[in-house]
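Working notes, beginning with the structure itself.
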Amino acid sequence: MLEFLEQLAKTAGEESLRYFGNIRNQDIDSKVTSKDLVSIADKAVEALIIREITKKFPDHDIFGEETGHAGKNSEFCWIIDPIDGTQSFVKYHPYYSISIAIYKNGRPYAGAVNAPALGRLFTALAGQGAYMNGSAIHVSGCAMLEEAACATGFARLRENKVGPVLEKFNRILPGLRDIKRCGSAALDLAFTAAGVYDGYWEEGLQLYDIAAGVVIVQEAGGMVCDFNGKDNFPADGIIAGPEPVVRKILELLR
């Protein structure tokens, strides 16, 4: 199943690159608000992923960002974000990703996050570690918040609810060495798993944004929790990274 997942993420990445740099204004629509975009590439990539999963595993459930949930009461559910970071994608910015996760009986089981414009494919399977382009990855050894370069995002902008987000941001930022802003939650989590970032937090996300990244961080030795230190993520926010950094961010958020 992992081999199929890896190849599927690669194929989906190749499909996305067919559109990358070639998106016109008429190829972009808004969802609920004008800040929440969907492009023809999102739809095409998700259609490809669903088509391939259905051929290989016709009895599995599928939950796609653009198409919703197709439930067959299977123990396996594929959770898809065809292009995470559409705003970056349509602006010909390379920080976007394809995120595909497999949940087994409601728990993270496997994940793939492909950043095709960057040439990085992150994968993980429960109990078997996490990898980038086939090499094992681990969260950073950072234990001091003042030495940490952390990432965050502003998904709440789509809902025009940025005030509380900025209040939390202002609590955390002064204690950090640096802050990163990628625009793809899946890629933020993958970079955190690889130790590129020392930690990550965000709120206002959906399951398809973080499903693959969560299992990759966990298999890379990291901790993942919500803003209350529990596992109700992403509904109650998400924090990820080495345990010492996660716990220090959690203290500030509380």
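The values are calculated or read from the model by the stated rules, or taken from the named source; none is laboratory data. Given the structure is predicted, the values throughout are model-derived calculations rather than measurements. All Cβ positions, even for glycine, are placed from backbone atoms using ideal geometry, and neighbour counts span all protein chains on display. SASA here: full protein model, heavy atoms, side chains in, ligands and nucleic acids out. Shrake-Rupley method; radii C 1.70, N 1.55, O 1.52, S 1.80 Å.
Take the residues of region 105-124 that are at pLDDT 95 or above and either of a type in the set (D, E, K, R) or more than 19 Å from TYR208 (Cβ to Cβ) (or both): which is nearest to the chain's Cα centre (by Cα)? For region 105-124, the residue satisfying everything is ARG120. For beta carbons closer than 7 Å, sequence separation of 6+ or different chains, a first residue in region 166-186 that is in contact (Cβ under 8 Å) with a residue 60 or more places away in the chain and polar (S, T, N, Q) and a second that is open to solvent by less than 30 Å² (accessible area, probe 1.4 Å) and part of a loop (DSSP other than H, G, I, E, B), the qualifying pairs are SER184/GLY85; SER184/TYR96.
Residues that are in contact with a Cys (Cβ under 7 Å, 6 or more places away or on another chain) and more than 16 Å from PHE122 (Cα to Cα) within region 181-200 comprise ASP198, GLY199, TYR200, listed in sequence order.
Scanning region 186-237 for residues that are under 17 Å from TYR109 (Cβ atoms), aliphatic (A, V, I, L, M) and in a loop (DSSP other than H, G, I, E, B) yields a single hit, ALA220. Pairs under 6 Å by beta carbon, first residue within 27 Å of ILE137 (Cα to Cα) in region 242-254, partner open to solvent by 10 Å² or more (accessible area, probe 1.4 Å) and of a type in the set (Asp, Glu), six or more apart or different chains? Matching pairs, first to second residue: VAL245/ASP198.
Consider region 222-254 and keep the residues that are open to solvent by 10 Å² or more (accessible area, probe 1.4 Å) and among the small types (Gly, Ala, Ser). The one that is farthest from the chain's Cα centre (by Cα) is GLY229.
Between ALA155, ALA149, ALA110, the distinction of being in contact with a strand residue (DSSP E or B) (Cβ under 8 Å, 6 or more places away or on another chain) and more than 30 Å from LEU252 (Cα to Cα) belongs to ALA110 only.
In region 46-104, the qualifying residues are those that are open to solvent by 20 Å² or more (accessible area, probe 1.4 Å) and aromatic (Phe, Trp, Tyr), and the one that is farthest from the chain's Cα centre (by Cα) is PHE57. Here VAL38 passes the criteria (1) on the phi > 0 side of the Ramachandran plot; (2) at pLDDT below 90; (3) open to solvent by less than 20 Å² (accessible area, probe 1.4 Å) except the one numbered (1).
Among the strands (runs of 3 or more DSSP E) lying completely within region 34-144, list those that include at least 3 residues that are in contact (Cβ under 8 Å) with a residue 24 or more places away in the chain and in contact with a helix residue (DSSP H, G or I) (Cβ under 8 Å, 6 or more places away or on another chain).
Counting at least 3 such residues, we get 37-39, 76-84, 97-104, 107-115, 120-125.
Filter region 66-104 for residues that are at pLDDT below 95, out of contact with any Ser or Thr (no Cβ under 7 Å at 6 or more places or on another chain) and among the β-branched types (Val, Ile, Thr) and give the result. Residue satisfying the conditions is THR67 alone.
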